[in-house]
Amino acid sequence: MANLAGVDLRRLTGLRRAKLNAVLATRAILYGLDLSGAHLQAAQLEGADLRFASLKGANLRGANLKSAKLANADLRDADLGPLWLPGNHLLRARLENADARYTDFRGAELRLAMFDEADLAYADLTGAGLRATNFRGAMLEGTKLSFQATVEANFDETRCDADAVAV
């Protein structure tokens, strides 16, 4: 497992479809990088700067993105669902306290993901799989999502206004 904690990776190229499973990149700077189709299962990206990054179609099952900066990132068709580990252990994608304002999650798999206290203002979750997703305390102002896809989702204490759009 690579240890890239706190490293500025903005000059890297060729990360499309990269195999970075279980990478340790807490507080790393990945601003604007193209990580489309990358394999980031169980990646430790807590506090990482992924603003304007492309993670389209990336495999982020079980990734830790707590307090990550995801504003304006492209996560279309990304998989942030759970990762099953040996011994029937479930590892959920964690996005608690993440800044995901204006992030594009269209078509992403977010089943069982944890968005507690995350800022999802003006994010687009159209067509995303939201079954049993936890949005407790999240900011949903202007967020686009389908309430039909939110079976068993938790919206306790969420903050939103009349601009929230149900599609």
Notebook entry, point to check: Does any residue of region 95-103 turn out to be of a type outside the set (A, V, I, L, M) and over 17 Å from Leu50 (Cβ atoms)?
Noted result: no
Next item on the list: Within region 140-152, count every residue that is at pLDDT 90 or above and crowded, with 22+ Cβ neighbours inside 10 Å.
Entry: 2
Notebook entry, point to check: For Leu15, all conditions in the list (1) within 26 Å of Gly127 (Cβ to Cβ); (2) of a type outside the set (Lys, Arg); (3) modelled with pLDDT of 95 or more hold save one; what is the number of the exception?
Noted result: (3)
Note to self: Out of everything in region 154-165 that is farther than 20 Å from Lys69 by Cβ and touching a strand residue (DSSP E or B) at 6+ places or on another chain (Cβ under 7 Å), what residue ends up being modelled with the highest pLDDT?
What the structure shows: Asn154
Item checked: Of all residues making up region 12-36, the number that are part of a loop (DSSP other than H, G, I, E, B) and either within 14 Å of the chain's Cα centre (by Cα) or closer than 18 Å to Lys69 by Cα (or both) -> 11
Next item on the list: Test Arg131 against the criterion of being in a loop (DSSP other than H, G, I, E, B) and surrounded by fewer than 20 Cβ atoms within 10 Å (Cβ to Cβ), and give yes or no.
Entry: yes
Check: Across region 78-127, what is the total count of residues that are in a loop (DSSP other than H, G, I, E, B) and in contact (Cβ under 8 Å) with a residue 12 or more places away in the chain?
Finding: 33
Notebook entry, point to check: Quick one: is Ala38 out of contact with any Gly (no Cβ under 8 Å at 6 or more places or on another chain) and either surrounded by 24 or more Cβ atoms within 10 Å (Cβ to Cβ) or among the β-branched types (Val, Ile, Thr) (or both)?
Noted result: yes
Item checked: Sole residue being of a type outside the set (Phe, Trp, Tyr) and within 20 Å of Ala118 (Cα to Cα), chosen from Lys66, Lys19 -> Lys66
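The values are calculated or read from the model by the stated rules, or taken from the named source; none is laboratory data. Note that the structure is a prediction, hence the values are computed from the model and not measured. In this analysis, Cβ positions are derived from the backbone assuming ideal geometry, glycine residues included, and neighbour counts consider all displayed protein chains.
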